[in-house]
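The structure appears right after this line, and notes come after that.
What follows draws every value from the coordinates through simple rules; no lab data is involved. Keep in mind that this is a model prediction, so the values were computed, not measured. All Cβ positions, even for glycine, are placed from backbone atoms using ideal geometry, and neighbour counts span all protein chains on display.
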Amino acid sequence: MKKGKSKIGFRIEKKHLIIAGIAAVLILVLCVALSGKDAPVPVDFTARTDTDGYADDVRIAEGIYIGTEYVGGLTKEAARSRLETVYSMPENQTVRIYWEQQTVNTTLNDLGAAWGVNRAINRAITLAGGGGITQRYKTSRDLALGTYHIDLSKSLDRDKVVEFIRTNISAVFDQAPVNAAIEYTDNGFKITDGRVGRKADIDSTAGIIMDRFHEMGEGESLTASVIIKTVFPEITSEILSHVKDRLGSFSTRYRKPENGRTDRCINVEVATAYLNGTLLMPGESLSASDAMKERNVENGYAMGGQYVNGQIEDAVGGGVCQVSTTLYNALLRAEIQIDKRYNHSMNVSYVLPSEDAAIAVGSKDMVFTNNLEYPIYIYGETDGYEVFFRIYGEEYRPANRKVSFEAIEEKRVVSEDIVIEDKELFVGERKTEGATHDEIWSRLEKVVYVDGAEYSREVVHSDYYMPSQAKVHVGVKPKPTEAATEPADNSKDTQNGQAGESDGGDQDTDGGGPEKNGENDG
């Protein structure tokens, strides 16, 4: 056992001696090479003063070529001067880029063309001290022989190339696609074809320009063609051809034939016109309030009555709630997805309780989403007395299936006018402030019939309407004698300072104007 261990120990010791001998030979060779007369000039690494890393008077080691030029022993400044004389980029050399038959010109200078002179010089300065022991030996040998070459390659600023294409080509020549359009006419739907668009592929075109630059020889010019992509419209004639069937409709009266035209009538007609012709693609949502635009004079709206904390006040746009209500009921019958809907604070007369959809800026809206496979088209119309909405699309329901909606009044507490004896009014005169509304609890139910028999019934929503009481001032002041004055007109009846009785379809109010003291709807 002792004899075996001594043999192993001898072999290990012999191996170590061999490795040590090789290392000594390498160190000796390296020392001889570095001590020769052509050894590189040592670099003062404490002399760094400029953005390139070293001061201009730092010298480059002997034996180095940059490109085709020998720069050994030169200062950084002298090397840069020599290289820039030989490797100068023609600043005004024209670059031609083609969009089919159109030509856009620029220059190499504008695209940031340059030789990597400073980068190559800095590499030459740091060359002698870089790498491991083997690499330093190889570098020293090449330097001693005067054969160390550093490649000098030209470069183009890709960011400048991309920006040039975006600004001077894409922004000028790109053609946006045009969607197909649809319009309801007296002869049915009219579809106008769309148009494909064309767009510069900026990244691909920039890549081609960069490649051409590196491939071009001395004296050659740089030319490249723009890669053009076809952009298809989102809405095509084929998609719009599915809009052909009436899916649901509804109408309400906003003026009686015997009554005159009011500002509220104007608001109903203006809001309906904004909604008319709306096309909603599958999955797209719409806010009725947004679609009707801001209720102001600039958008065509006038003053109209609205509910403010249970009272009636005038505001620009009063009456638009009747428009959203009519549209809401048409959407229900088309079975379009309703995302948001609110009832009025007090009951309105143009629909039954729970059939209304209030609009109040900042608090109430009617929002819906096209949950069908194909587009839907909203057709809205007014005739001076009634407002109509029809929802068109492609019928997706079986012919033997029908749907209806039932407004069910659960409870009603009747409100009565508050009668006030007014000594400022003559006997027989009356003045009314506000309006009387009953307190109501109600719900809306959706009923589905198949082959004429009830198939299902579900509650859509339940609502509460707050009460209000009008103040009726009754005159108690004795009438003057007939000799002193003309007979009083006992038929005189005023409401809010205006003659005439309160009429539901004409005097009911709804919101749309700016919020005031909380709830603002009608």
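Under 20 Å from a label point 7 Å along Cα→Cβ of Glu284: give me every residue in the stretch 348-384 with its amide N that close.
Within reach of a label on Glu284: 366-381.
Between Arg253 and Glu183, how many nm apart are label points set 7 Å from Cα along the C-beta direction?
With each label point 7 Å from Cα toward Cβ, the separation is 3.3 nm.
Between Asp211 and Tyr464, 0.36 nm times their residue separation minus their Cα-Cα distance comes to what? Kindly include the intermediate steps, with their values, before the conclusion.
Values: separation 253, 0.36 × 253 = 91.08 nm, distance 7.24 nm.
The Asp211-Tyr464 span can extend by a further 83.8 nm.
Would you mind getting me the FRET efficiency between Val403 and Lys471? Use the beta-carbon distance for r and R0 = 51 Å, nearest 0.05. Write out the running numbers ahead of the final one.
Numbers: r = 43 Å, r/R0 = 0.85.
For R0 = 51 Å, the calculated efficiency reads 0.70.
Using each residue's phi in the stretch 230-246, evaluate 6.51 cos²θ - 1.76 cosθ + 1.60 at θ = phi - 60° and report the 3J(HN,Hα) Karplus result to the nearest Hz, with x for Gly and Pro.
Calculated HN-Hα couplings, in order: 8, 10, 8, x, 6, 10, 10, 4, 5, 5, 5, 5, 7, 7, 8, 10, 7 Hz.
Can you list residues whose amide H is under 5 Å from Lys479's amide H, if they're 5+ apart or on another chain and H is modeled 1.01 Å from N?
Long-range HN contacts for Lys479: Val427.
How compact and how long is the stretch 372-482, expressed as Rg and Dmax of its alpha-carbon atoms in Å?
24.4, 77
Say R0 is 60 Å: what FRET efficiency, to the nearest 0.05, do Lys244 and Arg166 get from their beta-carbon distance?
For Lys244 and Arg166, the calculated efficiency is 0.90.
Residues with amide H under 5 Å of Gln93's amide H, sequence separation 5 or more or different chain, H placed in the peptide plane at 1.01 Å from N; which?
The list, which skips near neighbours in sequence, is Leu108, Asn109.
With labels modelled as points extended 7 Å from the Cα through the Cβ direction, what inter-label distance (nm, one decimal) is found for Tyr98 paired with Asn296?
So the two model labels end up 5.2 nm from each other.
Please work out the Cα center distance from the stretch 158-180 to the stretch 72-123, rounded to the nearest Å.
Each part's Cα centre sits 26 Å from the other's.
Provide the packing ranking of 342-352, 283-293, 453-463, i.e. peptides ordered by the mean count of other C-beta atoms within 10 Å per residue, highest first.
Answer by packing, highest mean first, reads 342-352, 283-293, 453-463.
If the chain between Asp383 and Ser237 were fully stretched, how many nm would it gain, using 0.36 nm times the residue separation less the Cα-Cα distance?
My answer for the length gained is 49.5 nm.
With 10 angstrom as the radius, rank Met281, Met466 by how many other C-beta atoms surround their C-beta, starting from the fewest.
Met281, Met466
Amide H of Glu439: which non-local residues (sequence gap of 5 or more, or other chain) have their own amide H closer than 5 Å, using H built in the peptide plane?
Val413, Ser415
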